[in-house]
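**Student:** Supplied in structure tokens, the structure appears directly below.
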Amino acid sequence: MLLTLLAATGFALLRIRNLFAVVMLAGVYSLLSAGLFTVMDAVDVAFTEAAVGAGISTVLFLGALALCGHHESKPGHTPLLPLFVVCLTGAALVYGTMDMPGFGEASNPVHHHVADHYLEESYGEIGIPNVVTSVLASYRGYDTMGETTVVFAAAVGVMILLVGGARARRARGGGEEG
Amino acid sequence: MTLDLLLTHYNYWVVIFLMMVGFYILISRGNLIKKIVGLNVFQTSVFMLYISLGKITEGTPPILVDGYGDADVVYSNPLPHVLILTAIVVGIATTSVGLALAVRIKEAYGTLEEDEITGIEAGIEPAGEAGG
């Protein structure tokens, strides 16, 4: 089953110290999760995850690796404290799921608030058969606009960081010569 | 009862396992790029949690067949899908900013290992060297 494969990939990610292999595995992980999304009926999400998660982010990571080198040194401190924290958090979360309704039941409360309205009315109101599109672009249009703002801010941030770095380096080089 | 619980909650538990793997990478590894990979794993596991909440057994993707006429067609919940689409894009934005920061840190300190950076910082501070 896909979930088990994902768990195995996650574990491998943890163990491997060569960052190049880690990035490739992260791509595999994204692609597997895209498959999982398809199985769980979220086709739009699967598209996006395959394109963005497995495609663009792998390219970004590779670019960063090309600039930074790809060896991770052995962690210096003992992993016991993080392990303890992680186990505690995990146990708390599993305890939390005990009260959750079972997977895939149509009577779950998530499915009966605005989702019914979207499914029943959106074709009459918007006229697009793909409900995800009409919710994304119309009912929750402000969300999407905010998302675009976030992406814009991130792009500006990345440019400032990288261009500013290049400029600082040039200034430093010029100072040493003069 | 226990087996029933295992079957209905298997998804959630694997998601929690993956989330904890990401969290563990994030807090226990010193390398900044590895930390960002851990953050990504964590993010993706949250996406999976939401999508599993939206799934209805025997459901189809929420693309309407002839304008929702058939009562016997069951659609999965479209709302988590929309939220996660937004979250994926925001996730790639944070990842790219994190990587840009990592590149700058590498330029400034010559290393991406957290403890080495702390060491350099401790050595630099008394000399009064201004950071980039």
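The values are calculated or read from the model by the stated rules, or taken from the named source; none is laboratory data. Keep in mind that what you see is a predicted model, and the values were worked out from it rather than measured. No Cβ is skipped: glycine too gets one built from the backbone with ideal geometry, and neighbour counts run over all protein chains shown. Just so you know, the surface numbers come from the protein's heavy atoms only, side chains and all, with ligands and any DNA or RNA stripped out. Shrake-Rupley method; radii C 1.70, N 1.55, O 1.52, S 1.80 Å.
**Student:** Name the residues of segment A:136-170 whose accessible area falls by at least 20 Å² when all protein chains are present instead of the chain alone, probe 1.4 Å?
**Tutor:** Relative to the lone chain, where solvent access is computed with a 1.4 Å probe, segment A:136-170 loses at least 20 Å² at A:L136, A:R140, A:D143, A:E147, A:V150, A:V151, A:A154, A:V158, A:L161, A:L162, A:G165, A:R169.
**Student:** Between 0 and 90 degrees, rounded to the nearest ten: what's the tilt of helix B:2-28 against the longest Cα principal axis of chain B?
**Tutor:** Helix B:2-28 sits roughly 20 degrees off the main axis of chain B.
**Student:** From other protein chains only, count the Cβ atoms within 10 Å of every residue's Cβ in A:111-124, then give the mean.
**Tutor:** 4
**Student:** Counting only other chains, and only Cβ atoms inside 10 Å, what mean value do you get across the residues of B:31-41?
**Tutor:** Going residue by residue through B:31-41 and averaging, the value is 6.
**Student:** On a 1.4 Å probe surface of the protein chains, which of B:R29, A:R170 comes out largest in accessible area, and what is the full order?
**Tutor:** Largest accessible area first, the list is A:R170, B:R29.
**Student:** Give me the 1.4 Å probe accessible area per residue for segment A:54-163, excluding ligands and nucleic acids, in Å².
**Tutor:** It amounts to 60 Å² per residue over segment A:54-163.
**Student:** Between A:N130 and residues 5 or more places away or on another chain, which pairs have amide H atoms under 5 Å apart, with H built 1.01 Å from N, and which residues are they?
**Tutor:** B:L64
**Student:** Short version: ³J(HN,Hα) in whole Hz for each residue of segment A:81-92, in order, from phi by Karplus 6.51 cos²θ - 1.76 cosθ + 1.60 (θ = phi - 60°), x for Gly and Pro, what are they?
**Tutor:** My calculation for segment A:81-92 gives 5, x, 4, 4, 4, 5, 4, 4, 4, x, 4, 4 Hz in order.
**Student:** First compute the accessible area of chain B with a 1.4 Å probe, then give the percent of it belonging to carbon and sulfur atoms. Show your work: numbers first, answer last.
**Tutor:** Working: 3670 of 5720 Å².
That share works out to 64 percent.
**Student:** Next question. Accessible area per residue of chain B at 1.4 Å probe, in Å²?
**Tutor:** On a per-residue basis, chain B sits at 43 Å².
**Student:** Still on this model: Let me confirm one metric for peptide B:114-121, namely the mean number of other chain beta-carbon atoms within 10 Å of its residues' beta-carbons.
**Tutor:** Working: counts 2, 4, 2, 0, 0, 0, 0, 0.
Mean partner shielding for this stretch: 1.
**Student:** So what's the gap between the Cα centers of segment A:111-151 and segment B:1-67, to the nearest angstrom?
**Tutor:** About 23 Å separates the Cα centre of segment A:111-151 from the one of segment B:1-67.
**Student:** Would you please give the residues with an amide H less than 5 Å from that of B:T60, counting only those at least 5 places away or on a separate chain, with H modeled from the backbone geometry?
**Tutor:** B:V74, B:Y75, B:S76
**Student:** Using the basic label-point model (7 angstrom from Cα toward the beta carbon), what is the A:A168 to A:D116 distance in nanometres?
**Tutor:** Between A:A168 and A:D116, the label points sit 5.7 nm apart.
**Student:** Further question on the same structure: For segment B:47-56, take each phi angle, set θ = phi - 60°, evaluate the Karplus expression 6.51 cos²θ - 1.76 cosθ + 1.60, and give the result in whole Hz per residue in order, putting x for glycine and proline.
**Tutor:** Karplus values, whole Hz, x for Gly and Pro: 4, 4, 4, 5, 5, 5, 5, x, 6, 10.
**Student:** Now, a different point. Dipole magnitude of chain B about its Cα centre, charges +1 at Lys/Arg Cβ and -1 at Asp/Glu Cβ only, in debye to the nearest 20?
**Tutor:** On the way: 6 positive and 13 negative charges, 18 e Å.
Value, rounded to 20: 80 debye.
**Student:** Using modelled amide H (1.01 Å from N, peptide plane; none on Pro or chain starts), what sits under 5 Å from the amide H of B:N31, excluding residues fewer than 5 places away?
**Tutor:** Close amide H contacts, sequence-distant or interchain: B:E114.
**Student:** Then there's this: Can you tell me the relative contact order of chain B? Whole percent, Cα pairs under 8 Å, sequence separation 6 or more.
**Tutor:** 23
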